[in-house]
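S.K.: First the structure, then my questions, so here it is.
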Amino acid sequence: MQEELSEQEVLRRKKLEEIVKLGFNAYPADLFEVNVSAKDILENYERDKTNYKNVSIAGRIMGVRDMGKACFVSLQDSSGRIQLYVRRDDICPGEDKSVYDSLFKKLLDIGDFIGIGGFVFTTKTGEISIHATSLKLLSKALKPLPVVKTDAEGKSHDVVTDPEFRYRQRYADLIVNANVKEVFIRRSQIMNSLRNTFNSKGYLEVETPILQPIPGGAAARPFVSHHNALDMPLYLRVANELYLKRLIVGGFDGVYEFAKDFRNEGMDRTHNPEFTVMEIYVAYKDYNWMMDFTEEMIEKVALDLYGNTAVPVGEQTIDFQRPFKRITMYDAIKEHTGFDISGMDETGLRNVCKDLGIHAEANMGKGKLIDSIFGEKCEAHYIQPTFITDYPIEMSPLCKKHRSKEGLVERFELMVNGKELANAYSELNDPLDQRERFEEQLRLSQKGDDEAMFIDHDFLRALEYGMPPTAGLGIGIDRLTMIMTNSHSIQDVLFFPQMRPEAGIREEGAEFMNTNKEQKR
């Protein structure tokens, strides 16, 4: 897709031509040594000024104040911004001063990358700055950046907030909105906190297949692909659960994975078709142990990020200090609807849905009906961390039957800010019971439930070799990041969220597909 160039883009291309005519390379290939960052200088210069007599730094030009034979430049590197003092006589000693006037004053723009050598000093107004003694153009920017202005108090003005721009052009969003980068730094810290917890206990980080012959481990609609060499359909995984449990069968006591999963479903503020989940499975444990362990790991994430357990989320403050509240699913439904649904059959549940004004599709079984009641009438009430426990067996085909409550399974979900954050089981390790559960899923599929699970015969075979009692947990990393960074939308915590193609790109893609089909014919 070739966009029509703006006036600024045309002007920048002309400047590029002028730079080349002057004998400069606008995209040099040679190494530029950097020995300091903006953050390092700003945080440490006042304590030890002797270390900053010969600095080398590189970054983007984000602002220029022309003072005639000198100028002040705002330089942004990966750590932040710092002011440069650039004087003609310093960077062009003994040379034709017209080089400064033509190149460094007229041909450089906001967004260009430059490399600076010089020394650090404090201006008369008290601002820590770098006095440039050398300047090199490292990369010419041909597209102008949106300008975000920062006043003397550090407040930003004209901030770019248009989601269409921010999510589609994340690279530009990261440049002009400093807070965006912090969200993704926090995301990495969250994953490292979890990883450190698991590694400290001796659990093994593993990788499992993304392309799978059967999309197992969750009730979800998969993306379908085709492997040409094997001439067989393959599915992007909807969950990694069944492969991780195969590894428990194989003899590992604890395995975990940060996995990309894919579900061909709707998109909204908390759902993206591609998302990141952490799943962990530990042998010889149950869901009670896993509740305690989940409290420990989530509390540690908050402490690692902020030094305390209270985290602001919207207008709420959520406290992740242990212990979390625990309530059974049936008690939660009774508390918020007045209906005791324990022991109800499908007809009774449909009547409850009708009384509560909840739409129930004809192909919904007991599990889906109960899930709808809880989702619409209960979920939003659980702002502070709460474990919802003891689910009906129809909702959990991979979960062990409850040891003392007929018709239930040993499962919990962790609710935070009115949404599910984690899901865990005492894992079903009885291969005969598991086969019956899969067959029930098959019957639901035949009734029209396109999210029902497939029968995974290889997984059943693995269980027949014997799997020890096991506790498993899945945590949505995207949702956890939303909560821990006070982000309103899942798109805010994904570098590149899924979006509809731009019109021109969509047309080019359709043309390519049609051409490709004709060539194959």
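The values are calculated or read from the model by the stated rules, or taken from the named source; none is laboratory data. Keep in mind that what you see is a predicted model, and the values were worked out from it rather than measured. Backbone-built Cβ (ideal geometry, glycine too); neighbour counts: all protein chains shown. Keep in mind that these areas ignore ligands, DNA and RNA; they rest on the heavy atoms of the full protein, side chains included. Shrake-Rupley method; radii C 1.70, N 1.55, O 1.52, S 1.80 Å.
S.K.: If the convex hull of the alpha-carbon atoms of the stretch 216-278 is projected onto planes in all directions, what is the mean projected area in square nanometres?
M.R.: Result: 5.5 nm².
S.K.: Could you derive backbone 3J(HN,Hα) for the stretch 462-468 from the dihedral phi with the Karplus parameters 6.51, -1.76 and 1.60 (θ = phi - 60°), listing whole Hz in sequence and x where the residue is Gly or Pro?
M.R.: After applying 6.51 cos²θ - 1.76 cosθ + 1.60, I find 4, 4, 5, 6, x, 10, x Hz.
S.K.: Then there's this: For residue 382, list long-range residues whose amide hydrogen, built 1.01 Å from N in the peptide plane, is under 5 Å from its own amide hydrogen.
M.R.: Residues meeting the criterion, in which the H sits 1.01 Å from N, are 418.
S.K.: Could you state the accessible area per residue of the chain in Å², with a 1.4 Å probe and every protein chain left in place?
M.R.: Here the per-residue accessible area is 51 Å².
S.K.: Using 0.36 nm per residue, how much length does the chain from residue 354 to residue 49 gain when fully extended, once their Cα-Cα distance is taken away?
M.R.: Once the chain is fully extended between residue 354 and residue 49, it gains 102.4 nm.
S.K.: Would you kindly derive the ³J(HN,Hα) couplings of the stretch 239-250 from the backbone phi angles with the Karplus curve 6.51 cos²θ - 1.76 cosθ + 1.60 (θ = phi - 60°), listing them in order in whole Hz, with x for Gly and Pro?
M.R.: 6, 9, 4, 5, 6, 5, 5, 4, 6, 5, 4, x
S.K.: Turning to a different aspect of this structure: Based on DSSP loop calls and a cut-off of at most 14 other Cβ atoms within 10 Å, the longest stretch of the chain free of exposed chymotrypsin sites (Phe, Trp or Tyr not before Pro) is what?
M.R.: Answer from the scan: 1-283.
S.K.: Hey, how many Å between the Cα centroid of the stretch 180-242 and the Cα centroid of the stretch 24-87?
M.R.: If we compute the Cα centre of each part, the gap is 41 Å.
S.K.: Calculate what fraction, in whole %, of the accessible area of the chain sits on carbon and sulfur atoms when a 1.4 Å probe is rolled over the protein chains.
M.R.: 50 percent
S.K.: I would also like to ask the following. Find, to one decimal place in angstroms, the Kirkwood hydrodynamic radius of the stretch 207-251, where the mean of 1/r is taken over every pair of different Cα atoms and then inverted.
M.R.: Every distinct Cα pair counted, the radius reaches 11.2 Å.
S.K.: Right, another one. Take residue 461 and residue 334, extend 7 Å from each Cα along the Cα→Cβ direction, and tell me the distance between the two endpoints in nm.
M.R.: 4.6 nm
S.K.: Treating each Cα of the chain as an identical point scatterer and ignoring solvent, apply the Debye formula and state log10 I(q)/I(0) at q = 0.08, 0.10, 0.13 Å⁻¹.
M.R.: Relative scattering, expressed as log10 I(q)/I(0), comes to -0.69, -0.94, -1.25.
S.K.: Related question: Once label points are set 7 Å from the Cα along Cα→Cβ at both residue 70 and residue 380, what is their separation, rounded to one decimal in nm?
M.R.: Spacing of the two 7 Å Cα→Cβ label points: 6.1 nm.
S.K.: Take the stretch 175-239, compute every pairwise Cα distance, and split them into 5 Å bins from 0; I just need the percent in each bin.
M.R.: 4, 14, 13, 11, 12, 15, 15, 11, 5, 1
S.K.: From largest accessible area down, sort 31, 463; use a 1.4 Å probe on the protein chains.
M.R.: 31, 463
S.K.: Beyond 19 Å, what share of the Cα-Cα pairs of the stretch 347-473 is found? Please give it as a whole percent.
M.R.: 56 percent
S.K.: Determine the distance separating the Cα centre of the stretch 256-315 from the Cα centre of the stretch 118-144; give it in Å without decimals.
M.R.: When both Cα centres are located, 43 Å separates them.
S.K.: Measuring from a point 7 Å past the Cα of residue 5 along Cα-to-C-beta, which residues in the stretch 106-146 have an amide N at less than 15 Å?
M.R.: Once the point is set 7 Å along Cα→Cβ of residue 5, 140-144 turn out to lie under 15 Å by backbone N, inside the stretch 106-146.
S.K.: Relative to the longest principal axis of the C-alpha atoms of the chain, give the angle of the C-alpha long axis of helix 431-446, reported between 0 and 90° and rounded to the nearest 10°.
M.R.: Between helix and principal axis, roughly 80 degrees.
S.K.: Here is a further query. Once fully extended, how much extra length lies between residue 32 and residue 446, figured as 0.36 nm per residue of separation less the alpha-carbon to alpha-carbon distance?
M.R.: Extra length from residue 32 to residue 446 when fully extended: 142.7 nm.
S.K.: Return the FRET efficiency for the residue pair residue 182, residue 405: r is the Cβ-Cβ distance, R0 is 41 Å, and the value is rounded to the nearest 0.05.
M.R.: 0.35
S.K.: Compute the distance in nm between two label points, each set 7 Å from the Cα along the Cα-to-Cβ direction, one at residue 174 and one at residue 133.
M.R.: Reported label-point gap for residue 174 and residue 133 is 3.3 nm.
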